[in-house]
Amino acid sequence: MGGLGSVGLAAAVLAAAMGVVAYLTWLERKFAARLQNRVGPYWVGYPHGWLQPIADLLKLVVKEDIVPRRADRLLFELAPLLVLVPALAGFAFLPFAEGRAVADHPYSLALFVAFASLALLGIFAAGWGSNNKYALLSALRMVALLVSYEIPLVLALLVPATLAGSLRLVDIVEAQRGLWFVAVPGVGQAALVVFLLAALAEANKAPLDIVEAESELVAAYNVEYTGIKFGLFYAAEYAHTLALSGLGATVFLGGYLGSGPVPGSVWLALKSLGLFVALLWIRWSFLRMRVDQAMALNWKVLFPVSLASLVTAGLWQVRG
């Protein structure tokens, strides 16, 4: 693909991702309303609140931009971008057709995880740069959570990579033409469950959103941010959740593979939204865990299960 074609493809994927991310906020609010017997967004875009995300965006844009007096201005200003850009970078590696991805790299799975982990820098920069002890404590909790949960997340992702014998996402999808990896007895289901729970922590979703502490009466590490900068953190959160859903659909559910005349990109979108809704279902069904409970779940349950799944997948390949 030529240079202009690659730029056009990247721009189209970015625009589509940002458009979907904007309406994921509407989807979560309507989904939560259904679970809790409420209406959700209604008037702005009557009768279902279709224009609510646009109204929210306009409201954030016109809000005053306030910077704390003693903040580290450079870190404070850069933090929202340091969180958003790595979240959006993951979409570049997701293949939506055979050989069709913005960045089709032999190690695209590893690169996806590497870029996603860079959000830690933005989170810590937001907590430190705000010159607010509560924001800093929240950032430290979030960094500790992400560093811990990335271990079972990576081990779970290595299961389909082992079964496919490659770290290239296109190869992993093509290896599922006969059998989706989620259907591999025992191994696939365990790896997917670990992946989903670790994704909840990565996306700062309940029951693992320990950055929010009621005792401190602050939202999170971005408590000092206002206006569009505050909105960028939440856009990054939804973008990261959608990217992880797309990654899970790619490595466990066959990605763009499907039947009939439906394009592969549509299959990938449907599977990704299905996993996103599954994450929402978990998020709105359980209470928030304490920090010690979240860490115990990671090290005592998810880590050994993911490690056992990876070893079993290796034995499966050797015997196969």
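The values are calculated or read from the model by the stated rules, or taken from the named source; none is laboratory data. All figures in this text were calculated on a predicted structure; none of them were measured in a lab. Counting neighbours? That spans all protein chains shown, and the Cβs are built from the backbone with ideal geometry, glycine included. For accessibility, only protein heavy atoms count, side chains too; no ligands or nucleic acids. Shrake-Rupley method; radii C 1.70, N 1.55, O 1.52, S 1.80 Å.
Observations on the model:
- Scanning region 105-140 for residues that are open to solvent by less than 50 Å² (accessible area, probe 1.4 Å) and either more than 25 Å from residue 247 (Cα to Cα) or of a type in the set (Val, Ile, Thr) (or both) yields a count of 12.
- Remark: pairs (first residue in region 233-260, closer than 21 Å to residue 98 by Cα; second residue in a loop (DSSP other than H, G, I, E, B) and open to solvent by 10 Å² or more (accessible area, probe 1.4 Å); Cβ separation under 7 Å; 6+ apart in sequence or on different chains) = 246/94; 247/94; 250/94; 252/180; 253/180; 254/180; 256/96; 257/177.
- Summed over region 195-204, residues that are assigned to a loop (DSSP other than H, G, I, E, B) and open to solvent by 10 Å² or more (accessible area, probe 1.4 Å) total 1.
- Test: residue 80 is open to solvent by less than 30 Å² (accessible area, probe 1.4 Å) and either outside any loop (DSSP other than H, G, I, E, B) or modelled with pLDDT under 90 (or both): yes
- Lone qualifier among 294, 278 - being in contact with a helix residue (DSSP H, G or I) (Cβ under 7 Å, 6 or more places away or on another chain), assigned to a helix (DSSP H, G or I), open to solvent by less than 50 Å² (accessible area, probe 1.4 Å) and farther than 28 Å from residue 177 by Cα: 294
- Tallying residues that are closer than 15 Å to residue 17 by Cα and either surrounded by 21 or more Cβ atoms within 10 Å (Cβ to Cβ) or touching a Pro at 6+ places or on another chain (Cβ under 8 Å) (or both) within region 259-270 yields 1.
- Some residue of region 230-253 being under 26 Å from residue 111 (Cα atoms) and over 15 Å from the mean Cα position of the chain (by Cα): yes
- Residues satisfying the stated conditions in region 1-52, i.e. in contact with a Leu (Cβ under 8 Å, 6 or more places away or on another chain) and among the hydroxyl-bearing types (Ser, Thr, Tyr): none
- Residue-level check: of (1) farther than 26 Å from residue 59 by Cβ; (2) open to solvent by less than 40 Å² (accessible area, probe 1.4 Å); (3) in a helix (DSSP H, G or I), residue 238 misses just (1).
- Residue match in region 242-258 (condition: open to solvent by 20 Å² or more (accessible area, probe 1.4 Å) and modelled with pLDDT under 95): yes
- Residue 209 meets all of the listed conditions (1) more than 30 Å from residue 176 (Cα to Cα); (2) surrounded by fewer than 16 Cβ atoms within 10 Å (Cβ to Cβ) but one, namely (2).
- Filter result (open to solvent by 10 Å² or more (accessible area, probe 1.4 Å) and more than 16 Å from the chain's Cα centre (by Cα)) within region 83-104: 96, 97, 98, 99, 100, 101, 102, 103, 104
- Filter pass, residue 75 being under 30 Å from residue 131 (Cβ atoms), open to solvent by less than 90 Å² (accessible area, probe 1.4 Å) and not in a loop (DSSP other than H, G, I, E, B): yes
- Lone qualifier among 270, 310 - being of a type in the set (A, V, I, L, M), within 19 Å of the chain's Cα centre (by Cα) and more than 22 Å from residue 211 (Cα to Cα): 270
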